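Below: one structure, written as structure tokens.
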Amino acid sequence: MLRTVGAFPSSVAATTERYRGDAERLEARRRAYLDPAFLASLPARAGLSPGDRVLDLGTGGGFLARALARSIPLRVTGLDLDAGALAWAARAVADEGHRWMDHVQGDATRLPVKPGRFDAVVCLTLLCVVPDPAAVVRAAREALKPGGRFLAIEWSGVGSFSDPADREHEVLAREAAAAWVRGFDAAHGARHHLGGDVPALALDAALDDVRVGGHLAVFSPADRSRPLADRVEAVRNERAEIGPSLERRLSTGGMPEERIARYVAKRSAALDALLADPTEARFARAAWVQTLPMTVVSAKR
Ligand SMILES: C[S@@+](CC[C@H](N)C(=O)[O-])C[C@H]1O[C@@H](n2cnc3c(N)ncnc32)[C@H](O)[C@@H]1O
């Protein structure tokens with residue numbers, strides 16, 4: 001069910017537009033990078049019990065909401081600005097057969113929900129895209145019942161993804177990763193590597209019992225512990241991201257045009273070579289690894 005609440009100012013509409021269509025790409029990424037044992041640990045970190053009411057802020061395609069509900073029966077509301085992502089999430093919920101999940105279109109800094117209603121408020125990589133993450137954490141606190149828990153999972157770094165056997169690609173990929181983050185921050189007016197700030201944001205919002213942990217999200221095409229189909233999809237995603245919008249982002253992040261062109265050529269050729277033979281035998285020989293450190297913070301109202 002999709003409930004649409006309120007009209008949004010034009011800045012909010014612009015953010016919505018930016019995320020349209022991203023849900024599918026993010027879903028494949030999350031599947032490839034976030035390991036199942038980590039996901040299974042999240043209900044305990046959020047202090048959840050069966051039947052609890054959970055609000056997933058910036059739910060996007062609902063990856064976190066569905067991961068939680070797979071571990072433990074919950075009533076989950078996914079909230080996002082983007083109606084396109086929510087429609088996608090609602091379809092995924094129906095496909096997976098989750099019964100107690102609904103979706104609300106709204107702004108996480110001004111929550112269209114009754115105060116004190118939720119046992120837990122969670123978010124996955126939302127704070128890194130909002131200009132005022134403190135306002136989100138304050139709003140999350142308002143939405144919590146006394147004793148309820150806030151859980152946030154945010155990036156605290158980004159690794160490059162390249163072929164260690166090719167020194168030039170490696171150097172270009174590091175440079176591109178740093179430029180990409182600067183471009184991301186400029187585009188969103190936010191901070192990608194926000195993870196380390198979340199404990200302070202929680203304390204500033206008058207949350208208590210702050211617990212801080214970490215997770216190293218790792219993606220390797222050779223990682224046989226993940227289904228081959230997920231790894232192939234993740235590599236296809238990497239390939240699909242090469243284009244004018246990536247080049248604009250790297251340029252905004254200060255990477256010189258000729259370095260961008262060299263990087264794009266190297267990366268496209270390397271990914272195409274891998275995708276030309278999407279078999280376990282070929283993927284097992286790919287020595288590429290991407291590491292994405294995340295900070296996991298939970299705190300109590
Ligand atoms: C990086 S995506 C993360 C999506 C999902 N949590 C995941 O990790 O797969 C950020 C999401 O936050 C949403 N978003 C951005 N600003 C928001 C706001 N002020 N209120 C609610 N959602 C917002 C975007 O539409 C997008 O779906």
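Structure notes:
- Lone qualifier among Ala270, Ala281 - being within 21 Å of Val235 (Cβ to Cβ) and at pLDDT below 95: Ala270
- Of the strands (runs of 3 or more DSSP E) lying entirely inside segment 36-116, those containing at least 3 residues that are within 10 Å of the ligand (Cβ to nearest atom) are 75-80.
- Total residues in segment 121-173, condition in a helix (DSSP H, G or I), of a type outside the set (Gly, Ala, Ser), out of contact with any His (no Cβ under 9 Å at 6 or more places or on another chain) and assigned by TED's automatic domain parsing to the domain that holds Gly78: 7
- The one condition in (1) modelled with pLDDT of 95 or more; (2) part of a strand (DSSP E or B); (3) under 30 Å from Gly254 (Cβ atoms) that Leu216 fails to fulfil: (1)
- Members of segment 226-256 that are in a loop (DSSP other than H, G, I, E, B) and farther than 21 Å from Gly159 by Cβ: Pro227, Gly243, Pro256
The values are calculated or read from the model by the stated rules, or taken from the named source; none is laboratory data. Quantities reported herein were computed from a predicted structural model and do not represent experimental measurements. Don't worry about glycine lacking a Cβ; one is built from the backbone with ideal geometry, like all the others, and counts go over all protein chains shown.
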